Amino acid sequence: MVNRASAAVPIEGGRFMVIGGASLVGSATTEELLARGAAEVRLFDNFSFGSGDAIAHLKDDPRVTVVQGDILRLHQLLAATEGLDGVIHLAAFMTLSMDRDPWGGLDVNIRGVQNVLEACRASKVKKLIFSSSNAVYGYGPGVKGDLVEETPFFSVGAPPAAILYGASKIVGEQLCRDAYRRHGQDYVVVRYSTVYGERQHYRAANALYIVETHDAIKRGERPKVIGDGSETKHFVYVGDLARANCLALAAAATDVAVNTSGPAPVTTLELVKLVAELSGRPDLEPLLVEPDPGKVRLTSGGAFRIDHSAAKAAIGWEPQVDMREGLRRLLFWRDRNTV
Ligand SMILES: NC(=O)c1ccc[n+]([C@@H]2O[C@H](COP(=O)([O-])OP(=O)(O)OC[C@H]3O[C@@H](n4cnc5c(N)ncnc54)[C@H](O)[C@@H]3O)[C@@H](O)[C@H]2O)c1
């Protein structure tokens, strides 16, 4: 890791773009940038997955502009990055979308990252924050114990789409390192664990447990748990990630990758019971079911925990919101925003 004073990009008074901004993480990150005094935030998105709904609450702020564009079109990125201090790059296909369209996903997650880096270089953007994922550690029985930034990728037994997704994030990270080495492009890779929070969508395989449990409970049905419920998941609240993205910009750190995970992992059974309790139906006992062979499932072999201590050291970040509080906020939002 190289620490240089020049790699710190203050948020207050700064000009930023969130690529893939019409998203779960993008909308929360934009709120955080605005709250920290950013002078301008551009939201760049092709709206292939994201929607105007996710950013409707931001559009009235005069500092926010929405740019409809595609990261596979370099000229659009070149025009959109002019005059910026920092870019937060979120646009990506995740596992479920990768399963439907592998080539589309590889294009966006690899070629798209390279285009973003080229545009940042041409527009002299001081710092790039690249949203990576704990998918870089893989899935399946090899993923166990404490996962630290040096933990290698484990792919044996995982579904192809999950491997393609994790591998594409590894390539994206390496393209950032390459740009730093060749051109001195400052960057921080933030490896999110499974995200949940307000404006939760159905695109992330692990977070489906939360939204599907809540949907089942609203229909008066018992929520389902796949397998025996002992599988580990490690979530992080979206507001904590928004803070991580801002701290990564403002920190002196560069050329580094850090994990950002919530305070503690949960098992799927604990999670489903907690959602049932917070939805006011603790009486609806989870139903243990066999996995559906037609669906992509992300399974962990043993108990694991994603260590986030490197994020504290590099960018001064720690999670603040535990699962009970984060779920309470998510369910409160869903009850007011879904029919
Ligand atoms: N959600 C999670 O659980 C999770 C976990 C780990 C990492 N991540 C990463 O965090 C980032 C954001 O996740 P999210 O859940 O907010 O995602 P999301 O699906 O809500 O957002 C991705 C956004 O990128 C946009 N996009 C896709 N292709 C594009 C293109 N070619 N040009 C321009 N925009 C394009 C989509 O329209 C969408 O608004 C992604 O990079 C994802 O890989 C997410």
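The values are calculated or read from the model by the stated rules, or taken from the named source; none is laboratory data. If you're wondering where the values come from, they're calculated on a predicted model, not measured in any experiment. Virtual Cβ from ideal backbone geometry, glycine too; neighbours counted across all protein chains shown.
General remarks:
- Considering residues of the range 207-236 that are more than 11 Å from the ligand (Cβ to nearest atom) and part of a strand (DSSP E or B) only, the residue modelled with the lowest pLDDT: ILE226
- In the range 107-142, of all residues being in contact with a helix residue (DSSP H, G or I) (Cβ under 8 Å, 6 or more places away or on another chain) and among the polar types (S, T, N, Q), the one that is farthest from the ligand (Cβ to nearest atom) corresponds to SER123.
- Contacts under 7 angstrom Cβ, first residue in the range 147-161 being touching a residue at least 60 places away in the same chain (Cβ under 8 Å), partner hydrophobic (A, V, I, L, M, F, W, C) and in a loop (DSSP other than H, G, I, E, B), 6 or more apart: PRO159/VAL296; ALA161/VAL296
- Elements of type helices (runs of 4 or more DSSP H) in the range 53-141, at least 2 residues being touching a Leu at 6+ places or on another chain (Cβ under 7 Å), within 15 Å of CYS176 (Cα to Cα) and modelled with pLDDT under 95: none
- Checking each residue in the range 167-188 for being within 18 Å of the chain's Cα centre (by Cα) and crowded, with 24+ Cβ neighbours inside 10 Å picks out SER168, LYS169, GLY172, CYS176, TYR187, VAL188.
- Scan of the range 307-316 for residues that are touching an Asp or Glu at 6+ places or on another chain (Cβ under 8 Å) and either of a type in the set (A, V, I, L, M, F, W, C) or assigned to a helix (DSSP H, G or I) (or both), ordered by number: ALA310, ALA311, LYS312
- Residue count, the range 251-264 (criterion: surrounded by 20 or more Cβ atoms within 10 Å (Cβ to Cβ) and either touching a His at 6+ places or on another chain (Cβ under 9 Å) or among the hydrophobic types (A, V, I, L, M, F, W, C) (or both)): 9
- Note on the range 33-57: among residues that are of a type outside the set (Ser, Thr, Tyr), under 22 Å from TYR237 (Cβ atoms) and surrounded by fewer than 21 Cβ atoms within 10 Å (Cβ to Cβ), the one that is nearest to the ligand (Cβ to nearest atom) is PHE49.
- Residue check for GLU285: modelled with pLDDT of 95 or more, part of a loop (DSSP other than H, G, I, E, B) and surrounded by fewer than 16 Cβ atoms within 10 Å (Cβ to Cβ): no
Rundown of residues vs (1) more than 19 Å from GLU231 (Cα to Cα); (2) modelled with pLDDT of 95 or more; (3) in contact with a helix residue (DSSP H, G or I) (Cβ under 8 Å, 6 or more places away or on another chain); (4) away from the ligand (no atom under 14 Å from the Cβ), yes/no style:
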residue	(1), (2), (3), (4)
LYS144	no, no, no, yes
GLU149	yes, yes, yes, yes
VAL156	no, no, no, yes
PRO159	no, no, yes, yes
VAL171	yes, yes, yes, no
GLN185	yes, yes, yes, yes
ARG191	yes, yes, yes, no
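- Test: ALA248 is small (Gly, Ala, Ser), away from the ligand (no atom under 12 Å from the Cβ), closer than 15 Å to SER132 by Cα and over 12 Å from the mean Cα position of the chain (by Cα): yes
- Looking only at the range 17-52, and only at residues there that are in a helix (DSSP H, G or I), free of Cβ contacts under 8 Å to residues at least 40 places away in the same chain and among the small types (Gly, Ala, Ser), the one that is farthest from VAL113 (Cα to Cα): ALA35
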